[in-house]
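These notes concern the structure reproduced below.
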Amino acid sequence: MSDSFNAFEMSPLTERGPEAVAPEVFRGIYAMPMFVTIPTSDLAVSTDFWVRGLGFIELFSIPGQVVHLRRWAFQDVLLVPAEASPEEADVPAMSVSFACVLNEIDPLVAACTQLVPGSVTDPRDTPWSTRDVEVITPERARVVFTAPRQFDPDSQEVRDLAAVGIVAPEAAEDGHNGVHG
């Protein structure tokens, strides 16, 4: 007996065959369940290729730091400047990130450390209000688990995100639009 079931309604692609119509590009802001991060030596050239060649849109960007591209819902790509430091030569450049919750971080670090010592970083807090751990798997894939931290509508992080057009749902509901004094 299988625990799987039909859940096609969750997908942006529910139709099949030659009559299927592609979903519209999704422009909403959501907590991404999964995304890839791709380093590039030229953000402008890479953005142009992904937009004009692959049909993505530039959802938003923070100049010199990140370009968030999107196609359909749940097809998110973050282009970031390439790091060229010698100590990172053994670390895969491209990574995949999976959403999780805060109480999964410490057990994940413990399990990975027990299985392959040195395979996981200590948790780190990001400017976009997540706590992340990075794992290098035995096959040399970089996997990041990212958990949202407690939401503080008056934090500098929220103001910084609002400045580039990303307004937290809680702030928008309260009429703050992510900007507080």
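The values are calculated or read from the model by the stated rules, or taken from the named source; none is laboratory data. In this text the structure is predicted, and so the values were computed from the model without any measurement. Here the Cβ positions follow ideal geometry from the backbone for every residue, glycine too, while neighbour counts run over all protein chains shown. The protein model used for the area step is the full one, side chains on, heavy atoms only, and it has no ligands, DNA or RNA in it. Shrake-Rupley method; radii C 1.70, N 1.55, O 1.52, S 1.80 Å.
Taking only pairs six or more apart or across chains, which ones have beta-carbon atoms under 9 Å, a first residue in the range 109-128 that is open to solvent by less than 60 Å² (accessible area, probe 1.4 Å), and a second residue that is charged (D, E, K, R) and assigned to a loop (DSSP other than H, G, I, E, B)? From the range 109-128, the pairs are Val109/Asp122; Thr126/Arg149. Determine whether the range 61-74 contains at least one residue that is in a loop (DSSP other than H, G, I, E, B), surrounded by 16 or more Cβ atoms within 10 Å (Cβ to Cβ) and charged (D, E, K, R). The answer is yes; a qualifying residue exists.
The residue that is least open to solvent (accessible area, probe 1.4 Å), counting only those in the range 88-108 that are over 30 Å from Asp160 (Cα atoms) and part of a loop (DSSP other than H, G, I, E, B), is Ala89. Looking only at the range 16-28, decide whether some residue is among the basic types (Lys, Arg) and outside any helix (DSSP H, G or I). Looking for residues that are among the basic types (Lys, Arg) and outside any helix (DSSP H, G or I), one finds at least one in the range 16-28, hence yes. Taken over the range 29-60, the criterion of being of a type in the set (A, V, I, L, M) and not in a strand (DSSP E or B) is satisfied by Ile29, Ala31, Met32, Leu43, Ala44, Val45, Val51, Leu54.
Of the residues making up the range 137-153, those that are over 13 Å from the mean Cα position of the chain (by Cα) and open to solvent by 30 Å² or more (accessible area, probe 1.4 Å) are Pro138, Glu139, Arg140, Ala141, Arg142, Arg149, Gln150, Phe151, Asp152, Pro153. The residue list Thr130, Thr146 contains one member that is touching a Pro at 6+ places or on another chain (Cβ under 7 Å) and either at pLDDT below 80 or of a type in the set (Val, Ile, Thr) (or both), which is Thr130.
Residues to consider are Ser11, Ser41; find the one that is loosely packed, with under 14 Cβ neighbours inside 10 Å and within 15 Å of Val66 (Cα to Cα). Just a single option satisfies the conditions, and that option is Ser41. Looking only at the range 50-60, decide whether some residue is under 25 Å from Ile136 (Cβ atoms), at pLDDT 85 or above and in contact with a helix residue (DSSP H, G or I) (Cβ under 9 Å, 6 or more places away or on another chain). Looking through the range 50-60, none of the residues is under 25 Å from Ile136 (Cβ atoms), at pLDDT 85 or above and in contact with a helix residue (DSSP H, G or I) (Cβ under 9 Å, 6 or more places away or on another chain).
Residues in the range 14-33 that are open to solvent by less than 100 Å² (accessible area, probe 1.4 Å) and either β-branched (Val, Ile, Thr) or at negative phi (or both): Thr14, Ala20, Ala22, Pro23, Val25, Phe26, Gly28, Ile29, Tyr30, Ala31, Met32, Pro33.
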